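> Following this message is one structure expressed as C-alpha cells.
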C-alpha cells in the first residue's frame, strides 16, 4: 500500500467518524428539543416486557426531574418519579445442555475399525454451555399494585447507565410494604 492510499483511507475513516458524531449529537438535541424543558437524559432502550406493546421494541427513554417518559410504537408512557420504586440492573445466567455428534471420530473409527469403530468413536457427547444476560427492571406503583417493566441490559448501555444515574440522583430508594 502506498502513502497516497493510506492518506485516503485515513480521510475516509475521519469523515465517517465525523458524520457519526454529528448524527449522535443531532439525535441527542432532537430529544432535548422535543421534551424540553428539564430533560436530564434521553436515548434508546430495548424493551422486553411489562407494557402493552410488542416485545423486543426499541423505545426512547427520556428522563426529567419529575418523570420518566418511555415512547415506542406510537405510544407514550409517563411514569411520575414519586411512583417509581426502583430501577435495578440484574445479571442472570442459563445453563444449556446439548448433544453434539462426533463426525470426525466416526470417520476415523471407520477407517481403523470398520463399522464397529465408527459406532464407538462417533458416539455423541453431551456439551454444557452457559448463556449470560443482563436485565434492567423498573418497578413502579400503579393503581393495581407494584408493576414491573423489563429492559435488555446489553444493548444501549449508555442510556441504561444514564437512567440508573438519573434514578440515584433524583430518587432515594424506598422499601414498599406488600401485605400478602
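> Given a Förster distance of 35 Å, report the FRET efficiency between residue 101 and residue 131 from their Cβ-Cβ distance, rounded to the nearest 0.05.
For residue 101 and residue 131, the calculated efficiency is 0.95.
> Using only Cα positions of the chain, each an equal point scatterer, no hydration layer, compute I(q)/I(0) via Debye at q = 0.08, 0.16 Å⁻¹ and quote the log10 values to two decimals.
-0.49, -0.99
> Highest GNM mean-square fluctuation, the chain, Cα pairs closer than 10 Å: which of 85, 51, 150?
51
> In whole percent, what relative contact order does the chain give with Cα contacts below 8 Å and a gap of six or more residues?
21 percent
> While we're on this one: Please give the helix 3-35 orientation as an angle from the longest Cα principal axis of the chain, in degrees from 0 to 90, rounded to the nearest 10.
Result, in degrees: 40.
> Sticking with this structure for a sec: Using the alpha-carbon atoms, what tilt in degrees (0 to 90, nearest 10) does helix 103-121 show relative to the longest principal axis of the chain?
So the inclination is approximately 30 degrees.
> Compute a Gaussian network model of the chain, connecting alpha carbons closer than 10 Å, and tell me which residue from 14, 50, 133 fluctuates the most.
Sorting by GNM fluctuation, first place goes to 14.
> Working from Cα positions, state the angle (0 to 90°, nearest 10) between the long axis of helix 157-170 and the longest principal axis of the chain.
On a 0 to 90 degree scale, this one is about 40.
No lab work stands behind these numbers, since they all come straight from the coordinates. Note that the structure is predicted; figures quoted are calculated from it, not measured. Neighbour counts run over all protein chains shown; Cβ positions are idealised from the backbone, glycine included.
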